[in-house]
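Comments concern the structure below.
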Amino acid sequence: MPFSQLGLSPYVLPALQQALQQAGYLAPTPIQQQAVPLLLKGRDVVALAPTGSGKTAAYVLPALQRFFMATPRKPRVLAQLILVPTRELALQVSDVFTTLGRELPRRPHLVCAVGGVSINPQMMSLRGGADIVVATPGRLLDLLAHNALSLKQVQLLVLDEADRLLELGFGDELRQILAELPVKRQIALFSATFAADIEALAAAGLHEPQRLEIGEQSA
Ligand code: ADP
Ligand code: MG
């Protein structure tokens, strides 16, 4: 199956295809084949897929389309939030946004809101608003406490590496963040492993999620 069959809009498909080709992505991986069409349809998704199976692009492609198709607003409103367990992962995810979005005529203002570095530059880059924020949960809550951003207009939340988010003890932070979201929002939860605590998190925030599972062998 080619990238052109995932349901991406003809408005974004040529630019995304060009960027995918430059990145050496010749065809979608199984998780991308399954998750992208569902996310484009607005479904909540719980996706279980092993490390290395291509989960990042599975949500970055729909996120880029959502950004591009939205009417630009001044100041920008935070419409998409990606939560990850570590600073390193946040930087990797924001690189994937840059790489796959590079051919779009209009590109998102993306802010990496991570701990372990000074909060002031992040507050500065959030001043005119952001389209997409890639964050670790603790720093996101710090920024909320400083009124540096609002989650009231978030349309898509991605919980990437949800298993590690919970292992690292971010459960309470995640629940606080979920409580700040508008009622009408889409949530995608990605994890390499599955356990009761993930199920509880999904039950707390997701609406009739579609479940996807990709085995090791098909990764
Ligand atoms: P995961 O989050 O599931 O661990 P990643 O999104 O980090 O996986 O992707 C793993 C590797 O596979 C990365 O180096 C990424 O660039 C590459 N990759 C992802 N999707 C594709 C694709 N469709 N074709 C080729 N390489 C891909
Ligand atoms: Mg990943």
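Brief remarks follow.
- Residue ranges of helices (runs of 4 or more DSSP H) in segment 134-219 with at least 2 members small (Gly, Ala, Ser): 137-145, 171-180, 196-205
- Residue in segment 142-152 that is touching a residue at least 40 places away in the same chain (Cβ under 8 Å) and among the hydroxyl-bearing types (Ser, Thr, Tyr) present: yes
- Inclusion of residue 77 among residues that are under 20 Å from residue 185 (Cβ atoms), more than 15 Å from ligand 1 (Cβ to nearest atom) and in contact (Cβ under 8 Å) with a residue 24 or more places away in the chain is warranted.
- Restricting attention to segment 50-90 and to residues that are within 16 Å of ligand 2 (Cβ to nearest atom) and in a loop (DSSP other than H, G, I, E, B), the residue that is nearest to residue 194 (Cα to Cα) turns out to be 50.
- Here segment 80-123 is the region considered, the condition is being aliphatic (A, V, I, L, M) and touching an Asp or Glu at 6+ places or on another chain (Cβ under 8 Å), and the residue that is farthest from residue 136 (Cα to Cα) is 110.
- Within segment 20-29, tally of residues that are in contact (Cβ under 8 Å) with a residue 24 or more places away in the chain and surrounded by fewer than 19 Cβ atoms within 10 Å (Cβ to Cβ): 3
- Filtered by the rule that a residue be in a loop (DSSP other than H, G, I, E, B) and either among the polar types (S, T, N, Q) or touching a His at 6+ places or on another chain (Cβ under 6 Å) (or both), segment 27-46 gives 29, 44.
- Residues of segment 192-219 satisfying the condition of being touching a strand residue (DSSP E or B) at 6+ places or on another chain (Cβ under 6 Å) and not acidic (Asp, Glu): 194, 198, 202, 205, 206, 209, 210, 211, 212
Okay, residues lined up against (1) at pLDDT 95 or above; (2) of a type outside the set (A, V, I, L, M); (3) surrounded by fewer than 17 Cβ atoms within 10 Å (Cβ to Cβ); (4) within 16 Å of ligand 2 (Cβ to nearest atom):
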residue	(1), (2), (3), (4)
124	yes, no, yes, no
132	yes, no, no, no
136	yes, yes, no, yes
145	yes, no, yes, no
150	yes, yes, yes, no
159	yes, no, no, yes
162	yes, no, no, yes
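- For segment 1-26, a residue qualifies if it is more than 11 Å from ligand 1 (Cβ to nearest atom), assigned to a loop (DSSP other than H, G, I, E, B) and not β-branched (Val, Ile, Thr), and the qualifying residues are 7, 8, 9, 10, 11.
The values are calculated or read from the model by the stated rules, or taken from the named source; none is laboratory data. These numbers were taken from a predicted model, which means no experiment stands behind them. Ideal geometry is used to build each Cβ from the backbone, glycine not excepted, and the neighbour counts take in all protein chains shown.
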